[in-house]
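Down below is the structure, laid out as structure tokens.
Please treat every number below as a calculation from the coordinates, not as lab data. This is a predicted model, so every value here is computed, not measured. Backbone-built Cβ (ideal geometry, glycine too); neighbour counts: all protein chains shown.
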Amino acid sequence: MKFLLTAVNAKYIHSNPAIYSLRAYSIRKEPALEEHMELAEYTINQPFQEILADIYGRKPDCIAFSCYIWNWEMIQDITRELAKILPDVPIWLGGPEVSYNPEEILEKMPFLTGVMVGEGEVTFHELLVFYKDKHSSGAGQPDTDEEDTLQKIPGIVFRRAPEKPGETPEAYAAACKTPGTCTAAGALSVCCTAPRSLTDISDIPFFYNEEDIGDFHNRIIYYESSRGCPYRCSYCLSSIDKTVRLRSLELVKKELQFFLDKKVPQVKFVDRTFNCNHAHAQAIWRYISEHDNGVTNFHFEISADILNEEELRILRSLRPGLVQLEIGVQSTNPQTIREIRRAMDWEKLKKIVASIQEGQNIHIHLDLIAGLPCEDLESFRRSFNDVYACRPEQLQLGFLKVLKGSYMHEKASEYGIHYTDKPPYEVLFTRWLPYGDVLSLKKIEEMVELYYNSAQFTHTLPVLEAVFPNPFRLYEELAAYYEKKGYFINNPARSYRYQVLLDFALSVDPERESLYRQLLTLDMYLRENLKSRPDFALNLQETPEIKEKINGFYRKEENEPLFLQDYVDDGFNSRQMARMTHIECFRLPVWESPVPEMMETFPEEKIYFLLFDYRKRNPLNQEARTTLLPL
């Protein structure tokens with residue numbers, strides 16, 4: 001018997017920890033069950049027919065899918081066709097997208113066998129044993145015996161066998177061994193078993209191991225040290241489970257050491273509010289600090305305004321790049337924060353973010369949500385400018401998703417929040433925010449993603465911002481420029497976005513063309529060692545005199561290194577060093593103080609030689625290390 005656990009991920013770099021956890025739990029309980037399970041992972045970008053053919057080729061005896069808002073539509077399509085080509089194979093669903101309304105799903109999808117509701121490790125194990133035993137005993141087991149056994153498995157909703165001829169719906173429902181939980185209505189007859197109690201997550205085994213860790217090469221490693229959340233944010237499904245359960249610190253440390261020993265690039269904690277328990281958070285941060293391997297990065301989602309002084313001290317002491325923090329702000333409108341039942345002190349949060357940034361060692365990601373109650377375009381503009389002023393490494397401008405089962409779902413009608421019927425159930429408009437404003441924010445979101453979050457324009461943007469009354473206006477005008485030029489349809493390639501930004505800058509601030517050209521040249525070379533010079537760069541190094549100065553620098557470094565000692569130690573000659581690094585000439589020291597007055601403060605008379613060393617990069621933004629050369 002083969003039970004196929006199936007995941008459809010949003011991207012190839014993602015993995016699905018749920019199916020790995022389900023498999024690991026069953027193996028821990030009964031090692032012999034390993035031979036009866038198989039995992040299959042796909043992405044929503046794969047051809048539908050390719051996925052269908054692969055599942056068919058695996059010849060499963062039972063299939064379960066892990067369902068989320070990003071894959072729900074595809075899973076519906078896949079299961080509908082699977083039921084045709086594998087008519088005798090039971091199909092089960094699980095995950096947050098199907099746990100809220102399983103009866104409705106079974107009614108709409110008559111080819112499904114059942115739904116696992118809520119946490120799945122124990123439920124799946126019992127279901128797996130059921131199918132293994134059924135398969136071992138042969139196909140002659142009566143349907144009523146099957147139902148009796150399934151009814152003893154908490155946390156499932158399953159389709160019962162058809163009514164017998166002449167049997168009334170009432171008598172059919174009464175035959176269920178769990179009274180009051182079965183329904184019969186025409187073609188739909190389902191049984192809802194008792195709720196599954198919450199699992200002690202220390203009983204859930206660590207599902208990464210020596211044999212399988214290679215399967216996660218170039219993919220995100222997810223890790224869970226707690227479940228549940230103490231907060232009640234109305235848009236979040238985690239607010240339903242207010243019972244925070246912590247994994248044993250002894251286990252956590254042992255498992256984190258596995259990642260450290262393997263030098264995995266990044267471990268992303270999926271804990272909803274990692275620092276809700278201060279002792280737990282501090283112990284983990286101290287451990288990764290004391291056992292830092294110099295490579296692995298750990299990502300945490302935290303509530304910043306509850307950080308205490310000891311936690312701030314620990315965070316400021318960490319190696320640059322060891323930790324990155326995702327902090328949900330969502331809005332700085334006090335009325336909105338109250339309405340979504342969120343606990344947040346914006347003024348305190350802002351000060352704590354600034355305190356963390358003083359250490360210049362932690363990548364910070366701040367989140368905003370558009371479409372929340374009581375927030376119109378003007379209010380969102382203020383929220384955006386407030387958060388932007390914090391200068392996070394990433395500013396995520398997201399849109400409200402009205403998730404089934406959340407408090408926001410219950411209040412949507414009262415708030416006048418309209419959202420798409422299809423996943424991801426994203427806001428269309430609200431009482432405060434018309435659809436046209438949502439469309440405008442979508443375009444601004446893309447500008448923020450391309451120009452701010454890409455970290456490609458870190459020196460150019462602050463200068464350009466000063467031309468506008470506030471940062472939001474900059475991205476608003478940039479979006480309008482993209483619309484005018486047709487770039488939303490024909491999106492410029494990454495390298496050409498520099499030229500687009502220069503053209504935009506000159507359209508609003510034509511007097512400082514030379515400054516913008518040099519700023520963009522600096523930003524471009526900070527990111528990558530170009531094979532050919534950008535068209536907008538100054539051509540200072542094309543003169544024979546400048547070329548000789550640059551070539552002479554490398555010849556001298558080969559024999560008497562002052563700036564590239566490690567290259568010489570590794571045996572590189574002057575020509576190799578010239579290819580591996582870059583020297584750019586500037587008329588203005590744009591790397592020092594990119595302010596509007598620069599052209600007046602530093603007349604363009606001097607030539608500056610800036611060395612870009614790509615072997616030494618800033619661990620937070622990956623910019624090359626620069627050195628001003630005395631040439």
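Of the cross-linked pairs 263/351; 556/616; 132/152, which ones have a Cα-Cα span greater than 24 Å in the structure shown? Flagged as over cut-off: 263/351.
Against the compact-protein benchmark of 2.2 N^0.38 Å, the Cα-based radius of gyration of the stretch 512-629 scales to 1.08. Backbone N atoms of the stretch 255-299 closer than 16 Å to the 7 Å Cα→Cβ label point of residue 217 belong to residues 262-266. A dipole drawn for the chain from +1 and -1 charges on Cβ atoms has a positive end, and of 90, 332, 552 the residue lying farthest that way is 552. Computed from label points 7 Å out along Cα-Cβ, the spacing between residue 470 and residue 210 is 5.8 nm.
Place +1 on the Cβ of every Lys and Arg and -1 on the Cβ of every Asp and Glu in the chain, take the dipole about the Cα centre, and give the residue among 520, 8, 306 whose Cα lies farthest towards its positive end. Farthest towards the positive end: 520.
Annotation: average projected area of the stretch 363-402 is 2.9 square nanometres, based on the convex hull of Cα atoms across all directions. The lysines within cross-link reach of residue 108, meaning a Cα-to-Cα straight distance under 18 Å and a gap of 8 or more places when in the same chain, are 84, 404, 422. Full extension of the chain between residue 568 and residue 507 yields a length gain of 17.3 nm, computed as 0.36 nm times the residue separation minus the alpha carbon distance. Between residue 12 and residue 243, the contour length at 0.36 nm per residue exceeds the Cα-Cα span by 79.9 nm. Per-residue packing, averaged as other Cβ atoms within 10 Å, sorts the ranges 294-306, 115-127, 413-425 into the order 115-127, 294-306, 413-425, beginning with the highest. Under a straight-distance cross-link criterion of Cα-Cα below 19 Å, which aspartates and glutamates are reachable from residue 443, leaving out those fewer than 8 residues away in the same chain? Residue 443 reaches 367, 375, 376, 378, 426, 465, 476, 477, 483, 503. Each residue of the stretch 75-90 was assigned a 3J(HN,Hα) from its phi angle through the Karplus curve 6.51 cos²θ - 1.76 cosθ + 1.60 (θ = phi - 60°); the sequence is 5, 4, 5, 4, 5, 4, 7, 4, 4, 7, 8, 10, x, 9, 9, x Hz, with glycine and proline shown as x. Counting neighbouring Cβ atoms within 10 Å and putting the fewest first, the residues 20, 231 line up as 231, 20. Loop-located GluC sites (Glu not before Pro) in the stretch 542-595 (DSSP state other than H, G, I, E, B) with a sparse environment of at most 12 neighbouring Cβ atoms within 10 Å: 592.
Mean projected area of the convex hull spanned by the Cα atoms of the stretch 220-453, taken over all viewing directions: 12.5 nm². Angle of helix 278-290 to the longest C-alpha principal axis of the chain, folded into 0 to 90 degrees and rounded to 10: 50°.
Comparing Cα centroids, the stretch 408-442 and the stretch 352-382 end up 21 angstrom apart. Helix 346-358 and the longest principal axis of the C-alpha atoms of the chain enclose an angle of approximately 60°. Each Lys and Arg contributes +1 and each Asp and Glu -1, all at the Cβ; summed about the Cα centre of the chain, the dipole is approximately 320 debye.
For the pair the stretch 64-135 / the stretch 279-325, the C-alpha centres are spaced 39 Å from each other.
Potential lengthening of the chain between residue 44 and residue 484 amounts to 155.2 nm, from the contour at 0.36 nm per residue minus the alpha-carbon distance.
The angle between the Cα long axis of helix 48-57 and the main principal axis of the chain comes to about 50°, on a 0 to 90 degree scale. With distances taken between every two different alpha-carbon atoms, the chain has a Kirkwood hydrodynamic radius of 28.1 Å.
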